[in-house]
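Single-structure report; data block below.
All of the numbers you see were taken from the coordinates with simple rules; none came from a lab. It should be emphasised that the depicted structure is a prediction, and the values quoted were computed from it without experimental measurement. Using ideal geometry, Cβ is built from the backbone for each residue, glycine included, and neighbour counts are taken over all protein chains shown.
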Amino acid sequence: MFTAIVSAETLRTTLDSVSVLVDECKIHLTEDGLEIRAVDPANVGMVDLELEAAAFESYEADGGIIGVDLSRLEDIAGMADAGQLVQLELDEETRKLHIHIDGLEYTLALIDPDSIRQEPDLPDLDLPARIVIEGRDIDRAVRAADMVSDHIALGVDTAAEHFYVDAEGDTDDVHLELGPEDLISLELGEAHSLFSLDYLKDMNKAIPADGEVVVELGEEFPVKFHFDIAEGLGNVTYMLAPRIQSE
Amino acid sequence: MFTAIVSAETLRTTLDSVSVLVDECKIHLTEDGLEIRAVDPANVGMVDLELEAAAFESYEADGGIIGVDLSRLEDIAGMADAGQLVQLELDEETRKLHIHIDGLEYTLALIDPDSIRQEPDLPDLDLPARIVIEGRDIDRAVRAADMVSDHIALGVDTAAEHFYVDAEGDTDDVHLELGPEDLISLELGEAHSLFSLDYLKDMNKAIPADGEVVVELGEEFPVKFHFDIAEGLGNVTYMLAPRIQSE
Amino acid sequence: MFTAIVSAETLRTTLDSVSVLVDECKIHLTEDGLEIRAVDPANVGMVDLELEAAAFESYEADGGIIGVDLSRLEDIAGMADAGQLVQLELDEETRKLHIHIDGLEYTLALIDPDSIRQEPDLPDLDLPARIVIEGRDIDRAVRAADMVSDHIALGVDTAAEHFYVDAEGDTDDVHLELGPEDLISLELGEAHSLFSLDYLKDMNKAIPADGEVVVELGEEFPVKFHFDIAEGLGNVTYMLAPRIQSE
């Protein structure tokens with residue numbers, strides 16, 4: 001059983017956070033809210049999303065799992081105006097999701113969850129460096145790095161006490177340093193890892209420019225990005241595996 | 001003889017209403033105003049447009065017919081700012097239209113009207129259902145249907161007393177119901193017909209979102225859409241032939 | 001030695017004025033400011049640009065020359081917000097330009113100036129007609145001419161006392177007349193020359209719509225366009241060679 005009413009904006013933010021990595025996903029409809037975990041086909045980027053029942057106007061579920069085509073559901077959510085409510089109702093018999101937006105009813109065929117790539121377990125990593133940064137600074141770093149390279153290094157200089165971003169191209173380089181005065185907070189720790197810029201560009205699309213992002217980093221370790229959605233009633237974690245750096 | 005001055009906005013609205021269906025058309029320059037009738041090459045969608053002399057700043061004509069390339073004339077009208085006036089003057093000798101916009105003169109070669117597809121006669125149909133609806137609701141229905149199908153059914157449920165839109169895709173369906181409280185007016189009558197969405201999407205481009213549209217419907221009959229342009233000093237009728245529904 | 005701080009807006013305007021004609025250019029870093037001269041590969045359009053030291057927040061140079069990839073430098077300048085400052089610093093050893101924008105450092109490899117097309121000498125021409133016109137009127141003329149032709153004639157009718165623009169297409173023509181009341185000033189002189197519209201369209205992209213442009217014209221002679229940038233602390237001259245008119 002699943003029936004819920006949610007603002008179009010919250011629904012869109014939720015879907016966009018996942019669709020930057022995968023086309024289809026399983027959604028766990030727990031009593032306490034939605035949960036989505038997904039990994040891209042190359043097993044490099046992962047997402048873990050929770051949206052509390054309190055983020056909905058109304059929410060009732062008893063623990064089922066549905067499989068959805070994300071771009072299709074995004075298109076439907078895109079039919080609603082920013083302030084409009086979207087009503088979702090699962091028909092257990094037909095395995096279809098009935099979506100109501102102000103008189104409009106869309107009947108969406110669901111995907112068999114067993115046909116969707118298995119959900120990843122995001123490992124608990126004890127990463128030594130922890131940076132809290134504004135989303136817009138991640139955007140800036142990613143766009144600058146993209147001008148010169150396909151890779152981006154993220155690291156912390158414990159001596160100089162700053163977080164840095166490095167991208168080295170064939171002829172040009174980009175370097176960004178953000179000290180404690182530029183960051184919301186900075187916990188120093190040995191950290192330097194290289195990442196594929198393509199993945200970071202995709203994740204960046206869903207990171208809110210005006211929100212806080214917690215970045216956890218290590219030495220040749222995955223990076224984790226945490227941020228809130230739905231005014232704190234939901235949260236997203238991205239994990240991105242590092243590229244092996246040639247000596 | 002033909003000489004007229006018209007606001008760029010009125011000229012553009014007039015041309016756009018016709019160009020969604022055809023590339024070229026004949027314009028009748030009657031004493032009382034402009035008249036355009038046209039049908040698309042497949043004989044499925046028709047337009048009948050009238051623009052009264054009163055919609056012009058000044059207007060003088062004595063009954064000639066000119067043939068125009070609509071996209072070319074739209075480009076010229078697009079050179080004017082929203083508030084600017086466009087002056088049109090026919091040179092009978094050269095069969096060219098002189099178009100003046102604030103010091104700029106464009107000399108447009110006309111098309112021989114005899115080389116343009118014959119004008120249709122829009123049949124007088126006594127359609128049983130008549131719905132008056134806001135343009136934005138047509139837009140909504142068309143965009144939603146477009147997500148699932150190439151066809152769209154329009155109909156009236158006389159028992160439930162509402163106008164409905166249906167689109168059935170391979171896996172997903174869209175259904176929109178608008179009752180008397182959602183419509184400007186509703187005259188009940190047996191009506192259900194299937195239409196090509198491509199044509200309706202084209203017509204929808206020219207239907208004003210914030211205007212009233214009269215929809216006339218029957219059982220497997222053409223649909224007619226009527227709406228005003230130029231603040232009521234002109235009007236447009238579209239007629240769209242139904243698709244034969246397979247049993 | 002070269003080190004300077006300049007607003008992102010002034011830097012972008014400067015680069016855009018040159019990049020409409022060439023991909024790479026030499027920049028002369030004189031004590032008094034920047035100087036750029038360049039000609040397109042076909043030797044038809046030339047640009048001569050000066051930006052005074054006073055247009056910078058700070059400026060120090062001793063006469064060197066650097067070669068730059070304009071689109072790359074434009075991309076970097078595009079990273080800055082409108083109000084932000086861009087710091088430029090030349091590393092003479094590595095022949096790299098260090099560009100700082102609020103914590104972001106971009107290291108740009110320069111191009112060997114000897115590998116860049118030789119700079120033109122813009123001839124001193126004593127052109128008989130001189131028109132001072134608003135940039136937006138040049139834009140209007142160019143866009144209208146572009147609807148009918150690949151060429152555009154600019155001229156002065158000394159008898160009727162106006163500046164005119166003519167474009168003749170296969171079927172349609174465009175004619176624009178601007179008299180003393182439409183212009184900022186008009187010095188009459190025999191003038192009529194035909195130009196390639198492609199070049200004029202490119203130059204038009206960099207001509208400020210709300211600025212004054214001085215146009216100097218003759219009989220089958222090049223045209224010169226002069227306009228200010230950086231609030232009068234810089235100026236640009238374009239020269240465009242005429243097309244030979246067939247009799």
**Asked** Once the Cα gyration tensor of the protein assembly as shown is found, what semi-axes does its equivalent ellipsoid get, as square roots of 5 times the eigenvalues, in whole Å, sorted largest first?
**Response** 50, 50, 18
**Asked** How well do other chains shield peptide C:119-131, expressed as the mean number of their Cβ atoms within 10 Å of each residue Cβ?
**Response** 0
**Message:** Net charge around C:ASP126, counting only other residues with Cβ within less than 13 Å of its Cβ (Lys, Arg = +1; Asp, Glu = -1)?
**Reply:** -3
**Prompt:** How many nm separate the modelled label positions at C:ARG95 and A:SER115, each set 7 Å beyond the Cα in the direction of the Cβ?
**Reply:** 6.0 nm
**Cross-link pairs beyond the 30 Å C-alpha cut-off, checked among A:LYS201/B:LYS201; A:LYS205/C:LYS96; B:LYS26/B:LYS205; A:LYS96/B:LYS205; B:LYS26/B:LYS201; A:LYS96/B:LYS201** = A:LYS201/B:LYS201; A:LYS205/C:LYS96; A:LYS96/B:LYS205
**Prompt:** What residues from segment A:63-98 fall in the zone where the backbone N is under 15 Å from a label point 7 Å along the Cα-to-C-beta line of A:ILE5?
**Reply:** A:83-89
**Asked** If one computes the Cα centroid of segment B:12-40 and of segment A:46-75, what distance in Å separates the two points?
**Response** 50 Å
**Prompt:** For segment C:88-170, which semi-axes, largest first and in whole Å, follow from the square roots of 5 times the eigenvalues of its Cα gyration tensor?
**Reply:** 44, 19, 15
**Message:** If you take each beta carbon of peptide B:100-110 and count the beta carbons of other chains within 10 angstrom, what is the mean?
**Reply:** 6
**Message:** Please find, among residues of chain C, the one with the beta carbon closest to the rotation axis relating it to chain B, distance in whole Å.
**Reply:** C:ALA82, 15
**Request:** As a check on your grasp of the helix formula, calculate [θ] at 222 nm for chain C: sum -39500 (n - 2.57) over DSSP H runs of n ≥ 4, divide by the residue count, round to the nearest 500.
**Result:** -5000 deg cm²/dmol
**Request:** Rounded to the nearest 0.05, what FRET efficiency do C:ASP16 and B:SER185 give with R0 = 60 Å and r taken as the Cβ-Cβ distance? Could you check?
**Result:** 0.60
**At R0 = 41 Å, FRET efficiency that the Cβ-Cβ distance of C:ASP210 and A:ASP157 yields, to 0.05** = 0.30
**Counted charge near A:VAL214, where neighbours are those whose Cβ lies closer than 9 Å (Asp, Glu -1; Lys, Arg +1)** = 0
**Prompt:** According to the square roots a ≥ b ≥ c of the eigenvalues of the Cα gyration tensor, what is the shape class of segment B:129-240, taking rounded for a/c under 1.5, prolate for a/b larger than b/c otherwise, and oblate for the remainder?
**Reply:** oblate
**Request:** For chain B, with a Gaussian network of springs between Cα atoms less than 10 Å apart, report the residue from B:THR171, B:THR237, B:THR158 with the top mean-square fluctuation.
**Result:** B:THR171
**Request:** Summarise the long-distance tail of P(r) for segment A:1-149 by giving the % of C-alpha pairs beyond 27 Å.
**Result:** 28 percent
**Asked** Considering every residue in A:141-148, what mean count of other chain Cβ atoms within 10 Å of its Cβ is obtained?
**Response** 4
**Asked** Across every pair of different alpha-carbon atoms, what Kirkwood hydrodynamic radius in Å does segment A:111-155 reach?
**Response** 14.4 Å
**Asked** How much net charge surrounds A:ASN204 when only the other residues with a Cβ under 13 Å from the Cβ of A:ASN204 are counted, with Lys and Arg +1 and Asp and Glu -1?
**Response** -2
**Request:** Counting other beta carbons within 10 Å of each Cβ, put B:LEU197, C:LEU240 in order, fewest first.
**Result:** B:LEU197, C:LEU240
**Request:** Using a 10 angstrom cutoff on alpha carbons, build the Gaussian network for chain B and name the most mobile of B:ASN43, B:ASN204, B:ASN235.
**Result:** B:ASN43
